[in-house]
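Data block below; observations after.
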Amino acid sequence: MKTTYFLALLSAVVLFGACKKDSENLLQLDGDNFSGPLLEAGAHEMAVRFTSDATSRFQGKQLISVRWFTGPRPATTEVRVYGPGSGNTPGALLFSKNVSSSVRPQSWNEYELDTPVDITGEELWISIAFTQTESGQSIGCDSGPNKPGGDWLFSIDSEWRTYIQRTGESVNWNIRGRVSE
């Protein structure tokens, strides 16, 4: 009985330590996946904007992967990372990769960057661009409330604006960046 209790306690400590360590190496504004916005057929790009306040603690490290929640599988999916922009627009494209063939629907996906992105302490935008052939909920979001930078949306016929500005709904996209240790 004591051995079973000890093993259970040891397992809990190891799991807690692993989860805590992982969360300490994440750029993240969202909570658990709750739902996803219903978007019309077409091309969309959802981004999370991490200000220099969020990235400065990782200065000198690298962004090594991007995690996101996918609802129904879109026709195409691309992971993008942008540098600091001006106003409400991201800056230079630092990384882009079509990952359509590896996307798993209705689950968390993670793509390890072929070329890690240096974190300089400046703003970073991490985005998922996708096309869908019919209306759907191809990207996940939490239940809110919205955090500044957590819900940027670009549509081909539009401009960068937050989802809350467009709809009044207060959510954050399930898009995260994993940082090197």
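Descriptive notes on the structure:
- Ellipticity estimate at 222 nm from DSSP helix runs (n ≥ 4, -39,500 (n - 2.57)) divided over the chain, nearest 500: -5500 deg cm²/dmol
- For the chain, with +1 on Lys and Arg beta carbons and -1 on Asp and Glu, the positive-most of 26, 160, 127 along the dipole: 26
- Volume per residue of the convex hull around the Cα atoms, evaluated for the chain, comes out as 136 Å³.
- Cα centroids of region 34-95 and region 102-164: 4 Å apart.
- Dipole magnitude (debye, nearest 20) for the chain, charges at Cβ of Lys, Arg, Asp, Glu: 540
- Model label sites at residue 96 and residue 167, defined 7 Å from Cα along the beta-carbon direction, differ in position by 2.6 nm.
- Amide proton proximity set for residue 50, modelled H, under 5 Å, gap of 5+: 124, 125, 126
Readers should treat all values here as calculations from the given coordinates under stated rules, not as data from a laboratory. Just so it is clear, the model here is predicted, and its values are computed rather than measured. Using ideal geometry, Cβ is built from the backbone for each residue, glycine included, and neighbour counts are taken over all protein chains shown.
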